[in-house]
1. Using alpha carbons only, how many degrees (0 to 90, rounded to 10) separate the axis of helix 96-108 from the longest principal axis of the chain?
2. Relative to the longest principal axis of the C-alpha atoms of the chain, give the angle of the C-alpha long axis of helix 21-32, reported between 0 and 90° and rounded to the nearest 10°.
Amino acid sequence: MILLDTHVVAWMASAPEQLSQPASDAIRGAASAGGIAISAITLWELAQLMTSGRLKISGAVDSFLEEIATRMVVIPISPKIAMLGVQFSAPYPRDPSDRLIGATALAEGIPLVTKDRDIQASGQVKTIW
């Protein structure tokens, strides 16, 4: 199983050419095994991106979110994830969504597919890009 960062989900829907080859390979492999997950906060971030016009997907926001939620495992924010999210040390990004997504990967023991260089450079979460 792999966890997708929000921008990866957005690119899968709108600009798959932006995904790196290792990311695309990991997604394909996980999809065939039924192992693609997102953090619950990713649904909220996608809704924000769509309603602000930064992510242009045809159809209604709620329909798109429902489709994502049925195609991927949505991992809720548990007490363990909440605690891990506040325990990252510098240089891990301070953005709350990044922290919850990274904490989800840690709690589940799965790699995070992300282009975020700050997350990658922190070395605190196993990443694929």
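Only the coordinates and a few stated rules stand behind these numbers; no lab work does. Every value quoted in this text rests on a predicted model; they were computed, and no experiment measured them.
1. 80 degrees
2. Between the helix axis and the principal axis of the chain, the angle is about 80 degrees.
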